Amino acid sequence: HNMALVCVAPIKIPSKPKGVLAFDFSSHKLSTLPGFKRVTSQDLYTKKHGYGFVDPKFYRVYDSKYASVINRSSINVLETDFIIDLPNGEYEIELNINGLGYWDIPFWKRRKVFLNNKLIYSKERISSSDFLNDYFQFENVEPDSSDNLYDLYLSKIFKPIRTKIWIRNKKLNFKFIGDSTGINLNSLIVWPTKISNITNIYLQELSDLKR
């Protein structure tokens with residue numbers, strides 16, 4: 001019998017630009033993409049550490065299993081601050097607060113995220129119809145042979161929060177508030193606005209890697 005050899009090109013890991021901070025909320029058991037700092041539930045903020053949780057109330061550490069390395073793991077929090085020490089200046093952030101879900105249904109009703117006391121995200125699912133609309137959001141989405149499944153489905157699930165912020169007290173302070181299954185802290189990327197052009201290229205490369 002003739003056997004065909006299939007050559008698989010090595011996966012190119014994007015090189016993180018200098019000045020960009022990338023955090024992967026995970027566990028000690030799971031791998032982290034090169035360039036990302038692994039954050040576990042044990043990482044409490046200290047001045048020496050420079051980042052970490054403050055007074056956290058955790059729900060659980062979650063493993064999506066079928067998502068890419070970047071999106072696979074998350075730490076579900078009910079309430080916590082997460083602080084990063086940074087020089088003063090203008091920054092941009094990209095924050096992912098979702099997990100793949102499905103097998104473990106996220107039953108939260110309210111989720112809020114504050115950044116340096118500014119509300120940057122708020123969502124409520126008060127009624128059963130709110131929950132079902134969210135849960136069955138892809139019910140009528142039919143893929144065809146030309147569709148990329150990440151673009152069609154997962155990019156919507158993992159759509160990040162992106163915003164700008166001025167730091168004036170040398171601290172980036174996130175406050176997360178959720179209920180029931182909480183907020184899935186998945187990944188966080190922070191960079192000075194002055195390097196946005198090169199960072200946007202890096203973010204696109206990360207997006208391509210997820211696909």
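Starting from the alpha-carbon convex hull of the stretch 12-64, give the projected area averaged over all orientations, in nm².
5.0
Round to a whole number: what % of the accessible area of the stretch 13-99 belongs to carbon and sulfur, probe 1.4 Å? Intermediate values should be presented prior to the final figure.
Details: 2120 of 4180 Å².
Heavy-atom surface of the stretch 13-99 belonging to carbon and sulfur, 1.4 Å probe: 51 percent.
The values are calculated or read from the model by the stated rules, or taken from the named source; none is laboratory data. None of these values were measured; they are calculated from a predicted model. In case anyone asks, the SASA skips ligands and DNA or RNA and just uses the protein heavy atoms, side chains included. Shrake-Rupley method; radii C 1.70, N 1.55, O 1.52, S 1.80 Å.
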